[in-house]
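The values are calculated or read from the model by the stated rules, or taken from the named source; none is laboratory data. All of these numbers come straight from a predicted model, not from anything done at the bench. Neighbour counts are summed over all protein chains in view; Cβ atoms, including those assigned to glycine, are modelled from backbone coordinates with ideal geometry.
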Amino acid sequence: MSQSIQALVGRIRSEDASDAERRRTAARMMTIIEDEPFRIVELIQAVITEEDAHSKLVVGVTGPSGSGKSTLTDAVVSEFRKRNSNGCVGVVAVDPSSPFTGGAILGDRIRMMKHTTDPGVFIRSLASRGHLGGLSLGTSGVSRVMQLIGCDPLIIETVGVGQNEVEILELADLVVVVQSPGAGDSTQMLKAGLLEIGDVFVVNKSDLPGAEDVHSQLRSMIELRRECGSGREPVLAVPICAHTGKGVAELVDLLSRLAEENQSLWRERRAAQMRDEVRHVILETATGLLREGVDEQTLVRRVLEQGEALEEVSRDLVARAAEEIKRHHGS
Ligand SMILES: Nc1nc2c(ncn2[C@@H]2O[C@H](COP(=O)(O)OP(=O)(O)OP(=O)(O)O)[C@@H](O)[C@H]2O)c(=O)[nH]1
Ligand SMILES: [Mg+2]
């Protein structure tokens, strides 16, 4: 018998729950939603009207592999913890390119982080691909649970850019794009679409030669984007050395200021995002029902070999599914 998400939310909220129990309950809820992503709807139902179920700042960190996203995230987490030692910070590391068995690689990456023993830092990695309901729904579920237990900021790290990653970054209020010298020509970034989705651009590894060049290339690209007026105003952060922490305080200042300024806009976006997730799950569930007991090859043959109209075959399918459901559920 699987546990109700609502009951778990209640347990997390309960005043007599200890911190340890809250953590355990949150971890259980994350596992449930990772295994059954559609159950994110139960979580949304439980928290949708509640402002305090959301972090004020959800940051997506992306950029080419090896640019230093994890090292930078680590440094940013330290800075946030230093500023608010009572609060907690969440990190979700997503690696859509890893096969299901890639856990070991991610394990190494996680161990790299200094914060694994800090009770004020939650870290969760997602390496699985091709889960039912898609990776982004699982990521969203994990993110929402972290927000529910008060992780603020929440940082979502994901490499490169593909469709999955873009979806994941839609969960973020702000997207930070990390570049570094020596990681290939930064015009490649433009092709990869990072320029379009970034809100804050930062050059990491400022201790290495070439960092200034990357910084000024970024500045011209950002200016170009501004001139094209593509809506969101991108910002160029000061160069950073994640190893020494140089520039990290300035980046955290910038992120905090942007969060302050944009809170009401983001609130609306978060609400829209939740409605969108529910809509997605409803349609996916309906598609699943439609497919039940259907011979899809026959449908294809009717269209390709018998020349039936697509619309006709589709309506037929829906009508048959409706009958089937009526028969099973006797209404
Ligand atoms: N010199 C220098 N090296 C850095 C700096 N930040 C990170 N590195 C190194 O760059 C390498 C990659 O860093 P990661 O933080 O793992 O990079 P990543 O972007 O998270 O990599 P993936 O998760 O594989 O995409 C590591 O060897 C880091 O030690 C920096 O500021 N200066
Ligand atoms: Mg990394």
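Among the residues of this structure, Glu50 does not count as one that is more than 19 Å from the chain's Cα centre (by Cα) and within 16 Å of ligand 1 (Cβ to nearest atom). Within region 72-116, being among the β-branched types (Val, Ile, Thr) and modelled with pLDDT of 60 or more holds for Thr73, Val76, Val77, Val89, Val91, Val92, Val94, Thr116. Sub-7 Å Cβ pairs linking a first residue in region 303-320 that is at pLDDT below 95 to a second residue that is hydrophobic (A, V, I, L, M, F, W, C) and exposed (fewer than 13 other Cβ atoms within 10 Å of the Cβ), at least 6 apart or interchain, number zero. The test for being in contact (Cβ under 8 Å) with a residue 12 or more places away in the chain, among the small types (Gly, Ala, Ser), crowded, with 19+ Cβ neighbours inside 10 Å and assigned by TED's automatic domain parsing to the domain that holds Val145 does not hold for Ala249.
The set of residues in region 205-252 being of a type in the set (Gly, Ala, Ser) and in a helix (DSSP H, G or I) consists of Ala211, Ser216, Ser220, Ala249. Which residues, counting only those in region 60-94, are away from ligand 1 (no atom under 16 Å from the Cβ) and either within 24 Å of Val145 (Cβ to Cβ) or touching a residue at least 12 places away in the same chain (Cβ under 8 Å) (or both)? Listed by number, the residues that qualify are Phe80, Arg81, Arg83, Asn84, Ser85, Asn86, Gly87, Cys88, Val89, Gly90. Here is the figure for region 6-28: residues that are touching a residue at least 40 places away in the same chain (Cβ under 8 Å) and either outside any helix (DSSP H, G or I) or not hydrophobic (A, V, I, L, M, F, W, C) (or both) total 4.
Let's see how each residue does on (1) modelled with pLDDT of 70 or more; (2) of a type outside the set (A, V, I, L, M, F, W, C); (3) in a helix (DSSP H, G or I):
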| position | (1), (2), (3) |
| --- | --- |
| Ser128 | no, yes, no |
| Leu137 | yes, no, yes |
| Arg144 | yes, yes, yes |
| Gln147 | yes, yes, yes |
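Hey, among the residues in region 53-93 that are within 16 Å of ligand 2 (Cβ to nearest atom) and assigned to a loop (DSSP other than H, G, I, E, B), which one's nearest to the chain's Cα centre (by Cα)? Checked region 53-93; the qualifying residue nearest to the chain's Cα centre (by Cα) is Gly63.
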